[in-house]
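Q: I am attaching a structure below and will ask some questions about it afterwards.
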Amino acid sequence: MPLRHFLTLDDLTATELDRLLRRASELRELHRAGTLHQPLRGRVLGMIFEKSSTRTRVSFEAGMAQLGGAAIFLSPRDSQLGRGEPIEDTAQVLSRMVDAVMIRTFAHDNVERFAAVSRVPVINGLTDDHHPCQLLADLQTWREHRGEPAGRRVAWLGDGNNVCRSWMQAAALLGFELRIGCPEGYEPPDLAGATGVRHVPDPAEAVRGADLVVTDVWASMGMEDEQKARLAAFRDYQVNAGLMGLAAPDALFMHCLPAHRGEEVTAEVIDGPQSVVFDEAENRLHAQKALLELLLLGE
Ligand code: CP
Ligand code: NVA
């Protein structure tokens, strides 16, 4: 089986993505029925976390256990990575011992360097530039609630961050429109020429008629110093009942979590009937199990 990595959503074709999302929904049903499904018996996933995590860690660890395998958690505090061992050396060593590696780190270049010398599949569990695993879960959730995304419209409100950039790749792959409602200066860097994507600086215009409204924290991990400036810059981009009221009447609300109620979203919206944030969180488990099947078994 050819070695393949999952560093951004673009590592999948549209057909593979479609198949993976369907498989994720099947795996959810198997899990809910309590059916034992263990095609990864004896396989091990190494997980390197240079940033905090609740969902990503638990979904990969539980997912590997449910598929019959195991996962090992490594942080810079307790591995030699934190004491300056080169990424390439770590990659060579780990990939002789485990069957796949998931990495959450800062510079996207770190996962690319790791993958360049790895003998086993490398999965991006979030970098400063992309969060492709989140998109698998979000797209699964959207399909499960509303059917096919093609031809629909998504409004992204707030920072043009890692999750936003993965939404941009999803728009091109699945053929939906993405309106990015963010202030000047906070647009994603690769906006120019992106298929199906428009920067709409006015938040009301960005949200008007949208089928899905998505937001995320205004200061991502690693941007703690910018917190105050960002609170001011994004003030008008809070997803509240007023803005949601401009979207389509059956619009859904998504947030990858963790969320800050009263900042990027009001409690009324995130805890309200249009919000599917906990389905998104649950689907991290099912979507990543489908991803592990694809990367490790080729199916
Ligand atoms: N959404 C997400 O990736 O959550 P964690 O930071 O808890 O993993
Ligand atoms: N954009 C956020 C997502 C957290 C899951 C961050 O990078 O901190």
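The values are calculated or read from the model by the stated rules, or taken from the named source; none is laboratory data. Note that the structure is a prediction, hence the values are computed from the model and not measured. FYI the Cβ positions are ideal-geometry reconstructions off the backbone, even for glycines, and counts take in every protein chain you see. Heavy atoms of the whole protein, side chains included, go into the accessibility calculation; ligands, DNA and RNA do not. Shrake-Rupley method; radii C 1.70, N 1.55, O 1.52, S 1.80 Å.
Q: Excluding Met254 itself, calculate the net charge of residues whose Cβ lies under 10 Å from the Cβ of Met254, where each Lys or Arg counts +1 and each Asp or Glu counts -1.
A: -4
Q: Around Val217, under 13 Å between beta carbons, what's the net of Lys plus Arg minus Asp minus Glu among the other residues?
A: With Lys, Arg at +1 and Asp, Glu at -1, the net is -3.
Q: By the gyration tensor of its Cα atoms, with a ≥ b ≥ c the square roots of the eigenvalues, what is the shape of the chain: rounded for a/c under 1.5, prolate for a/b over b/c, or oblate?
A: Numbers: a/c = 1.85, a/b = 1.41, b/c = 1.31.
Here the chain falls in the prolate category.
Q: Pull out a ≥ b ≥ c, the square roots of the eigenvalues of the alpha-carbon gyration tensor of segment 30-184, then state rounded if a/c is under 1.5, prolate if not and a/b is larger than b/c, and oblate in the remaining case.
A: Oblate is the answer for segment 30-184, as a/c is 1.5 or above yet b/c matches or exceeds a/b.
Q: Tell me, what HN-Hα J-couplings in whole Hz come from the Karplus equation 6.51 cos²θ - 1.76 cosθ + 1.60 at θ = phi - 60° for each residue of segment 64-74, using x for Gly and Pro?
A: 4, 4, 5, 7, x, x, 9, 9, 10, 8, 10
Q: For every helix of n ≥ 4 consecutive DSSP H residues, a contribution of -39,500 (n - 2.57) applies; sum these over the chain, divide by its total residues, and give [θ] at 222 nm rounded to the nearest 500 deg cm²/dmol.
A: On the way: 11 runs with 119 residues, N = 299.
That comes out to -12000 deg cm²/dmol.
Q: Now for a different question. With every protein chain kept in place and ligands, DNA and RNA left out, what is the accessible area per residue of segment 106-249? Probe 1.4 Å, answer in Å².
A: Numbers: 5320 Å² over 144 residues.
Heavy-atom SASA per residue in segment 106-249 reads 37 Å².
Q: Residue-wise, which Karplus ³J(HN,Hα) couplings in Hz belong to segment 287-296, taking 6.51 cos²θ - 1.76 cosθ + 1.60, θ = phi - 60°, and x for glycine or proline?
A: These are the phi-based 3J(HN,Hα) values: 5, 6, 5, 5, 5, 4, 4, 5, 6, 9 Hz.
Q: Given a 1.4 Å probe and every protein chain left where it sits, what share in percent of the accessible area of the chain is carbon and sulfur? Don't jump to the answer; show the numbers that get you there.
A: Values: 6270 of 12460 Å².
Taking all protein chains in place, the chain shows 50 percent carbon and sulfur surface.
Q: Counting only residues 5 or more places away or on other chains, whose amide H sits under 5 Å from the amide H of Gly181 once H atoms are built in the peptide plane?
A: Trp156, Leu157, Gly158, Val200
Q: For segment 167-276, what does the alpha-carbon gyration tensor say about shape, rounded, prolate or oblate, given a ≥ b ≥ c as the root eigenvalues, a/c under 1.5 as rounded, and a/b over b/c as prolate?
A: Details: a/c = 1.58, a/b = 1.04, b/c = 1.51.
Cα axes put segment 167-276 in the oblate bin.
Q: May I ask for the net charge around Trp142, where only other residues with Cβ less than 10 Å from the Cβ of Trp142 are counted and Lys, Arg are +1 while Asp, Glu are -1?
A: Values: positive: Arg143, Arg146, Arg152; negative: Asp138, Glu144, Glu148, Asp211, Asp279, Glu280.
Net of charged neighbours comes to -3.
Q: I need the phi-derived Karplus couplings for segment 225-230: 6.51 cos²θ - 1.76 cosθ + 1.60, θ = phi - 60°, integer Hz, Gly and Pro marked x.
A: Going residue by residue, I get 5, 8, 3, 5, 4, 6 Hz, with x marking Gly and Pro.
Q: Could you rank Val98, Val93 by how accessible they are, 1.4 Å probe, largest area first? Can you show the working numbers first?
A: On the way: Val98 15, Val93 65 Å².
The ranking, largest first, comes out as Val93, Val98.
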